[in-house]
Amino acid sequence: MQEYKYDAKSVEASVQHFWDKTQSFLAKEDLNKEKFYCLCMFPYPSGKLHMGHVRNYTLGDVVSRYQRMKGKNVMQPMGWDAFGLPAENAAMKHDVPPARWTYENINYMRDQLKSLGFGYDWSREIATCDPNYYRWEQWLFLQMYKKGLVYKKNSVVNWDPVDKTVLANEQVVDGRGWRSGALVERREIPQWFIKITDYADELLKDLDQLTEWPEQVRTMQSNWIGRSEGVEIDFKLAHKEDDSSALTVFTTRPDTLMGVSFISVAAGHPLAQQAAKNNPELANFLQECNTASVAEADIATMEKKGMATGFFAIHPISGEKVPVWVANFVLMGYGTGAVMAVPAHDQRDYEFANKYDLAIKQVIEAEGDLAQAAITEKGTLINSQPFSDGLNFDDSFKAISEYLEIHQAGRVTVNYRLRDWGISRQRYWGAPIPMINCASCGVVPVPEADLPVRLPEDVIVKGDGSPLKRMPEFVNTACPKCQGPAERETDTFDTFMESSWYYARFASFDNAQAMLDERASYWAPVDQYIGGVEHAILHLLYARFFHKVMRDEGLVSSDEPFKALLTQGMVLKDGAKMSKSKGNTVDPQELIERYGADTVRLFTMFAAPPEQSLEWSDAGVEGAYRFIRRIWNFAHEHKENLVAQNQDYSSEHKRNYSGASDELLELRRDAHEVLKQALYDFERYQFNTVVAAGMKLANIWQRLPENDRLSAEFAHELMSMMLRLLSPIIPHVTQALWRELGFGESVLTAPWPEVDPAALVTQSIELIVQVNGKLRDKIKVATSADRAAIEAAATASEKVQNFIADKTVRKVIVVPNRLVNIVAN
């Protein structure tokens, strides 16, 4: 085969210019076509794309192009998750304002995305740090405030005394701030919260609607919401006569109530604080607890420590006194900050009780050895008078909860693991919370007419707390109610706020008068959402919550934001996730410049199914490049014949292969069998096998008979089929060849290839020929051949003649579509 020069850079630049000129990816509402909204989780503008980005966004682009060629009205937008602490840290490192650093990165990364040929409607581009964007986020916050979904309360946080900021649990490493290295303190400060718990039931119930989400993700969300039915139980305090000061605990195991031997409270619980006033040792222990991690994973593995408060609670049924202890594994942020401890039936309590020589009383008969570990399985009641031995879990739950309710010592209730969403961040680079603090009027919302509350952008961050607090031009304002002097809230929104509704704003991107308009209901829900499974809980849960709030405000008409979800696997190199710290990254830009965007796209789609991890392979990239050059060479080697054939071909022309050789018909059948499987794989988004199908079609090309009119007809059909099938994956080279070979102006608007049922009809069949039951040959006969023709072909075989020439044929047995057995002696 002659080698024709494939210049990826010039081909891709030319095709991208064509797309720009024709506005190929501009999305408009069209009620006459079925819409398809494809969205990938938008990137944080870190400065450079990595291979995880490339894989994620290539998947989205392949899906979008496929759906467009299927005749749907497609929208695929792109934007930037631009706020957040990483920008502050990077800006501090480079001594530039976070805004400048962010906008420069956006410009660079936008060019990178364009170089990969992604079919985005760039007219809809949004950046969450744009006041025109976060204005509407502030507006929705105020609507939630009016509805009672927003409140402010004191909350225990991780406080870095050097950076003067609140840290998330994952930013606390061995009790120290991840950046400053300072010992982290647990402080109680005012924080803003949104009542996501008001939607807990609906968030849980509507998971049943999400049939096109991975089961793993739905399970993770269900577990995070954590609905559980149990009993709230009131333990009066022995030193208090006032019943209102009782310790209230929640348990899903009221059957174990008679086995309670102590109560555990958090270090921040008022009872613990009271006990520590006259107990220096306890005060020191509370301080130790305040510097420990509050991450669940850390709490599960850390040493369990505690101290007695000296207070006692009264058991609500037995009347016995049980000691109240402070335990380092109980948190104020969960439930009431108090837990009833049943050492015989809870492993954590069991270890704690053995360490501090506290009573262990078995009240459940179940499999296990209490001398070795707690018996945690449900079983039957024992040692629980006044309740009968032998009651199963359900019966004991009913009997004990009814007793508590009659004696006004408890009540059956539903509890959730889900907690209200704390959205305050004591940082600069985020959307300002639109509230004002007035000494006379208290907390006052910013009037809607004064939105947005703009974040000053020309600010250098020094790392000693938010600079907003030191900016009187931002802080000082007038109270909207009394017009007296007041101060703006200097906390900013959690960046999950911005990413919780961006998908909807893409639909109404240019509306300056409203957060969303009727276009949002046209496009929502997103038909295909694509992103990493690491966002399976928080981002997706918050977005689902926002969507329901926006629905209740009349802004959207659907219940859920994302109809289908694809969570792509990681990109690995040498078995490890690519990361700068491991030194195993691959720069996509270098690959694009060396091989072209189509090669990078082809490799990432071919190397693994979307849901699985992709192992990087330099040889695989080279192989992808060779395959593209092979298609290019095929096309140019046969260009004259293909173009000539194209002149005789129109959409009305029906291909007619009457008179074609069996060999050609067999090749055509093979091609349509490959296409049939590929179309099925496209529907399942199994793009690796679609690429394999393209390679099989290229192999069929090499088997074509030459100098044959019908062979030229099939060559034209095969090239048309292959270019369209692969165009979502390698869009530049397929578009260039589509135009160059005269198939049409744009492969994007070409009809999606279809299987010709006539091509799948088998023209001939292969039969085994036996002589006296032994295999002697294989013959091909027409599928329409009658018995006589089959017998004649079998007996005429030269190999068969060697075994029957000197014998008498007694009988010929024909098993249809399988074999012929000649009996001779």
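The values are calculated or read from the model by the stated rules, or taken from the named source; none is laboratory data. Everything quoted here is computed from the prediction, not taken from an experiment. Heads up, the Cβs are rebuilt from the backbone with ideal geometry, glycines too, and the neighbour counts pull from every protein chain shown.
Scanning the stretch 692-747 for residues that are within 30 Å of A608 (Cβ to Cβ) and assigned to a loop (DSSP other than H, G, I, E, B) yields R703, S727, P728, I729, I730.
Scanning the stretch 353-374 for residues that are crowded, with 17+ Cβ neighbours inside 10 Å and either in contact with a strand residue (DSSP E or B) (Cβ under 6 Å, 6 or more places away or on another chain) or of a type in the set (G, A, S) (or both) yields A353, L358, G368, A374.
Modelled with pLDDT of 95 or more, within 26 Å of Q483 (Cα to Cα) and among the acidic types (D, E): does that describe E448?
Yes: the conditions hold for E448.
For V755, indicate whether it is surrounded by 15 or more Cβ atoms within 10 Å (Cβ to Cβ), closer than 23 Å to F634 by Cα and modelled with pLDDT of 90 or more. Spell out the reasoning first.
Details: surrounded by 15 or more Cβ atoms within 10 Å (Cβ to Cβ): yes; closer than 23 Å to F634 by Cα: yes; modelled with pLDDT of 90 or more: yes.
Yes, satisfied.
One line per residue, one yes/no per condition, for (1) loosely packed, with under 14 Cβ neighbours inside 10 Å; (2) closer than 25 Å to T567 by Cβ; (3) in contact with a helix residue (DSSP H, G or I) (Cβ under 9 Å, 6 or more places away or on another chain):
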residue: C441; (1), (2), (3): no, no, no
residue: L455; (1), (2), (3): no, no, yes
residue: I460; (1), (2), (3): yes, no, yes
residue: G465; (1), (2), (3): no, no, no
residue: L468; (1), (2), (3): no, no, yes
residue: S500; (1), (2), (3): no, yes, yes
residue: A504; (1), (2), (3): no, yes, yes
residue: A512; (1), (2), (3): yes, no, yes
residue: G532; (1), (2), (3): no, yes, yes
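For the structure I just gave you, tell me whether P280 is on the phi < 0 side of the Ramachandran plot and under 42 Å from the mean Cα position of the chain (by Cα). Here the answer is no, as P280 does not meet what is asked.
Within the stretch 750-792, the set of residues being touching a residue at least 12 places away in the same chain (Cβ under 8 Å) and polar (S, T, N, Q) comprises T762, Q763, S764, Q770, N772, T783. V586 versus (1) touching a helix residue (DSSP H, G or I) at 6+ places or on another chain (Cβ under 7 Å); (2) closer than 27 Å to E611 by Cα; (3) modelled with pLDDT of 95 or more: which is the lone unmet condition? Of (1) touching a helix residue (DSSP H, G or I) at 6+ places or on another chain (Cβ under 7 Å); (2) closer than 27 Å to E611 by Cα; (3) modelled with pLDDT of 95 or more, only one is false for V586: (3).
How many of the residues making up the stretch 415-436 are assigned to a strand (DSSP E or B), of a type in the set (A, V, I, L, M, F, W, C), closer than 17 Å to E137 by Cβ and touching a Ser or Thr at 6+ places or on another chain (Cβ under 9 Å)?
Taking the stretch 415-436 as the starting set, the residues that turn out to be assigned to a strand (DSSP E or B) are 415-416, 421-422, 424-425, 432, 435-436.
Then keep just the ones that are of a type in the set (A, V, I, L, M, F, W, C); that gives 421, 435-436.
After this cut, where a residue has to be closer than 17 Å to E137 by Cβ as well, the list is 421, 435.
With touching a Ser or Thr at 6+ places or on another chain (Cβ under 9 Å) added as a condition, the list becomes 421.
Qualifying residue count for the region: 1.
Among the residues of the stretch 437-486, those that are part of a strand (DSSP E or B) and either in contact with a strand residue (DSSP E or B) (Cβ under 8 Å, 6 or more places away or on another chain) or of a type in the set (A, V, I, L, M, F, W, C) (or both) comprise N437, C438, V443, V444, P445, N476, T477, A478, P485, A486. Looking at the stretch 381-408, which of its residues are surrounded by 15 or more Cβ atoms within 10 Å (Cβ to Cβ) and either of a type in the set (D, E) or touching a helix residue (DSSP H, G or I) at 6+ places or on another chain (Cβ under 8 Å) (or both)? The answer is L381, S384, F387, L391, F393, D395, S396, F397, I400, S401, L404.
The sole residue among Y522, Y529, Y542 that is aromatic (F, W, Y), within 14 Å of the chain's Cα centre (by Cα) and in a helix (DSSP H, G or I) is Y542. When residues in the stretch 393-433 are screened for being farther than 19 Å from E229 by Cα, touching a Pro at 6+ places or on another chain (Cβ under 9 Å) and of a type in the set (A, V, I, L, M, F, W, C), 2 of them pass.
Residues are listed down the side, and each one gets a yes or a no for (1) without any contact (Cβ under 8 Å) to a residue 60 or more places away in the chain; (2) among the charged types (D, E, K, R):
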position	(1), (2)
T585	no, no
E593	no, yes
V600	no, no
E611	no, yes
E615	yes, yes
A619	yes, no
E622	yes, yes
I631	no, no
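A Cβ distance below 8 Å, combined with a sequence gap of six or more or placement on separate chains, defines the contacts here; from the stretch 802-817, residues that are within 19 Å of K778 (Cβ to Cβ) reach residues that are exposed (fewer than 12 other Cβ atoms within 10 Å of the Cβ) and modelled with pLDDT under 95 in the pairs V814/R787.
For A736, state whether it is within 60 Å of the chain's Cα centre (by Cα), modelled with pLDDT of 90 or more, closer than 21 Å to E666 by Cα and surrounded by 12 or more Cβ atoms within 10 Å (Cβ to Cβ). Here the answer is no, as A736 does not meet what is asked. Here D394, D349 are screened, and the one residue that is outside any loop (DSSP other than H, G, I, E, B), acidic (D, E), free of Cβ contacts under 8 Å to residues at least 24 places away in the same chain and closer than 16 Å to R253 by Cβ is D394. Remark: Y120 matches the filter, which requires a residue to be buried (at least 21 other Cβ atoms within 10 Å of the Cβ) and at pLDDT 95 or above. So, in the stretch 412-426, of the ones that are within 15 Å of Y334 (Cβ to Cβ) and of a type outside the set (A, V, I, L, M, F, W, C), which residue ends up surrounded by the most Cβ atoms within 10 Å (Cβ to Cβ)? Among those that are within 15 Å of Y334 (Cβ to Cβ) and of a type outside the set (A, V, I, L, M, F, W, C), it is D420. The conditions of being surrounded by fewer than 20 Cβ atoms within 10 Å (Cβ to Cβ), within 26 Å of M332 (Cβ to Cβ) and free of Cβ contacts under 8 Å to residues at least 12 places away in the same chain are met by R176.
If you check V322 against the conditions, is it farther than 22 Å from G177 by Cβ and touching a Cys at 6+ places or on another chain (Cβ under 8 Å)? The answer is no for V322.
Within the bounds of the stretch 438-449, is there any residue that is of a type in the set (D, E, K, R), out of contact with any Asp or Glu (no Cβ under 8 Å at 6 or more places or on another chain) and without any contact (Cβ under 8 Å) to a residue 60 or more places away in the chain?
Of the stretch 438-449, the ones of a type in the set (D, E, K, R) are 448.
Those still in the list that are out of contact with any Asp or Glu (no Cβ under 8 Å at 6 or more places or on another chain) too: 448.
Adding the requirement that they be without any contact (Cβ under 8 Å) to a residue 60 or more places away in the chain leaves none.
The answer is no; no qualifying residue exists.
One line per residue, one yes/no per condition, for (1) over 25 Å from A671 (Cβ atoms); (2) in contact with a Cys (Cβ under 9 Å, 6 or more places away or on another chain); (3) part of a helix (DSSP H, G or I):
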{"site": "A758", "(1), (2), (3)": "no, no, yes"}
{"site": "E766", "(1), (2), (3)": "no, no, no"}
{"site": "Q770", "(1), (2), (3)": "yes, no, no"}
{"site": "K778", "(1), (2), (3)": "no, no, no"}
{"site": "V812", "(1), (2), (3)": "yes, no, no"}
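Annotation: of all residues in the stretch 123-158 being closer than 19 Å to R425 by Cβ and of a type in the set (V, I, T), the one that is surrounded by the fewest Cβ atoms within 10 Å (Cβ to Cβ) is V156.
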